[in-house]
Amino acid sequence: MATAGKVIKCKAAVAWEAGKPLSMEEVEVAPPQAMEVRVKILYTALCHTDVYFWEAKGQTPVFPRILGHEAGGIVESVGEGVTELVPGDHVLPVFTGECKECAHCRSEESNLCDLLRINVDRGVMIGDGQSRFTIDGKPIFHFVGTSTFSEYTVIHVGCLAKIDPEAPLDKVCLLSCGISTGLGATLNVAKPKKGMTVAIFGLGAVGLAAMEGARMSGASRIIGVDLNPAKHEQAKKFGCTDFVNPKDHTKPVQEVIVEMTDGGVDRAVECTGNADAMISAFECVHDGWGVAVLVGVAHKEAMFKTHPMNFLNERTLRGTFFGNYKPRTGLPGVVDMYMRKELELDKFITHSVPFSQINTAFDLMLKGEGLRCVIRMEE
């Protein structure tokens, strides 16, 4: 590419301060350094994590910053030492990584890379501690190693999944975060067998992705649990057979589910981040074989309390991070599931806006409208 090795000037949506609308700016994007890749972003979606760190109510505020992490793009140029990717490759950036060398990456059982696992406070590149974004020479901070709300971004090679170039990036960009997180929680961790009953707590995009996993697994009954009754209709598209609103019952929701299912569900996946929902998800699984999987991130003071007898009666509690997918070696296969029409993605996309209207996507999410809003970088 004629741009390789040079600074690229492009548009980016910059968060100058917490909670203030993003501002369209011309930024300078430096060339990739060793083990880094510069990517042209074609589509990015808004995930709740972006809103969370934009609001910065409970976190270290890092501003000015370019947010965004759920996206799809094409490699523009590569830095020294990058052998797995070449310009023109189609990639999904991921907020966590896979260095392929640490103990976690060498383990078949983990995807928590020592070098590249998510760091929400770091606003610079891991190699030299510098930002690749500047405006008038002043650094603009990165976000979770991806910063996809920019036409070009620089990402560590270990945080990029090379995917089938035939896959439509406006659809599979969703797999770079939320959908894979929920889907993998079911397929890789809960692992329901055909004919099993599955309960899903929290029916946002991640919960519905977990539900999609239950549908793909051939679950006989899928119980959706949410405090918002409006979520029921949408959930039917993802295989929901029963809907339970805890507010409609006087007794704890786990007791309601145990009664409905004659002893409990075979699998439960919790996607709320609420500690009470986590306890309910665990206590609603059947003794002897039931497995509950926690996906949601609870606040710092949250505690999980349950009677040890629930474990002695052979219930299993598991946690997951990014659906237990290793980004580089695992994600391409999820894209292939979509290409084989086993996994449906289109139903997750409820809105689409051009890059210039990115703040509309924030408004939709703050109102709780829709699931995913895909942002088109090229107007």
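Quick notes on this one:
- Restricting the stretch 315-331 to residues that are over 16 Å from residue 191 (Cβ atoms) and in contact with a Gly (Cβ under 8 Å, 6 or more places away or on another chain), the residue that is most open to solvent (accessible area, probe 1.4 Å) is 328.
- The set of residues in the stretch 286-325 being more than 26 Å from residue 183 (Cβ to Cβ) and either among the polar types (S, T, N, Q) or in a helix (DSSP H, G or I) (or both) consists of 306, 309, 310, 311, 312, 313.
- Residue match in the stretch 187-203 (condition: of a type in the set (A, V, I, L, M, F, W, C), open to solvent by 10 Å² or more (accessible area, probe 1.4 Å), in a helix (DSSP H, G or I) and touching a helix residue (DSSP H, G or I) at 6+ places or on another chain (Cβ under 6 Å)): yes
- Where residue 98 falls short, out of the listed (1) acidic (Asp, Glu); (2) modelled with pLDDT of 95 or more; (3) in contact with a Ser or Thr (Cβ under 7 Å, 6 or more places away or on another chain); (4) within 30 Å of residue 20 (Cα to Cα): (4)
- Selection count, the stretch 100-135, where residues are under 29 Å from residue 166 (Cα atoms) and more than 19 Å from the chain's Cα centre (by Cα): 3
- Only one of the numbered conditions (1) at pLDDT 95 or above; (2) touching a helix residue (DSSP H, G or I) at 6+ places or on another chain (Cβ under 6 Å) is violated by residue 370, and that is (1).
- Here is the figure for the stretch 59-79: residues that are in contact with an Asp or Glu (Cβ under 8 Å, 6 or more places away or on another chain) and of a type in the set (Ser, Thr, Tyr) total 1.
- Scanning the stretch 345-359 for residues that are among the β-branched types (Val, Ile, Thr) and within 25 Å of residue 235 (Cβ to Cβ) turns up 349, 350, 353.
- Total residues in the stretch 187-208, condition more than 22 Å from residue 370 (Cβ to Cβ) and touching a strand residue (DSSP E or B) at 6+ places or on another chain (Cβ under 8 Å): 8
- Some residue of the stretch 266-276 being surrounded by fewer than 23 Cβ atoms within 10 Å (Cβ to Cβ) and of a type in the set (A, V, I, L, M): yes
- Within the stretch 345-371, the set of residues being touching a residue at least 24 places away in the same chain (Cβ under 8 Å), open to solvent by 50 Å² or more (accessible area, probe 1.4 Å) and under 18 Å from residue 169 (Cβ atoms) comprises 346, 352.
- Within the stretch 32-54, the set of residues being at pLDDT 95 or above and open to solvent by 30 Å² or more (accessible area, probe 1.4 Å) comprises 33, 34, 35, 40, 42, 43.
- Within the stretch 287-303, at least one residue is of a type in the set (Asp, Glu), out of contact with any strand residue (DSSP E or B) (no Cβ under 7 Å at 6 or more places or on another chain) and over 30 Å from residue 168 (Cα atoms).
- Some residue of the stretch 152-159 being touching a residue at least 60 places away in the same chain (Cβ under 8 Å) and part of a loop (DSSP other than H, G, I, E, B): no
- Residues of the stretch 230-282 that are basic (Lys, Arg) and either free of Cβ contacts under 8 Å to residues at least 24 places away in the same chain or in a helix (DSSP H, G or I) (or both): 231, 236, 237, 247, 251.
- Residue under evaluation residue 148, criteria (1) touching a strand residue (DSSP E or B) at 6+ places or on another chain (Cβ under 6 Å); (2) not in a loop (DSSP other than H, G, I, E, B), criterion not met: (2)
The values are calculated or read from the model by the stated rules, or taken from the named source; none is laboratory data. Keep in mind that this is a model prediction, so the values were computed, not measured. Here the Cβ is made from the backbone with ideal geometry for all residues, glycine too, and neighbour counts use every protein chain on show. These area figures cover heavy atoms from the full protein model, side chains too; ligands, DNA and RNA do not enter into them. Shrake-Rupley method; radii C 1.70, N 1.55, O 1.52, S 1.80 Å.
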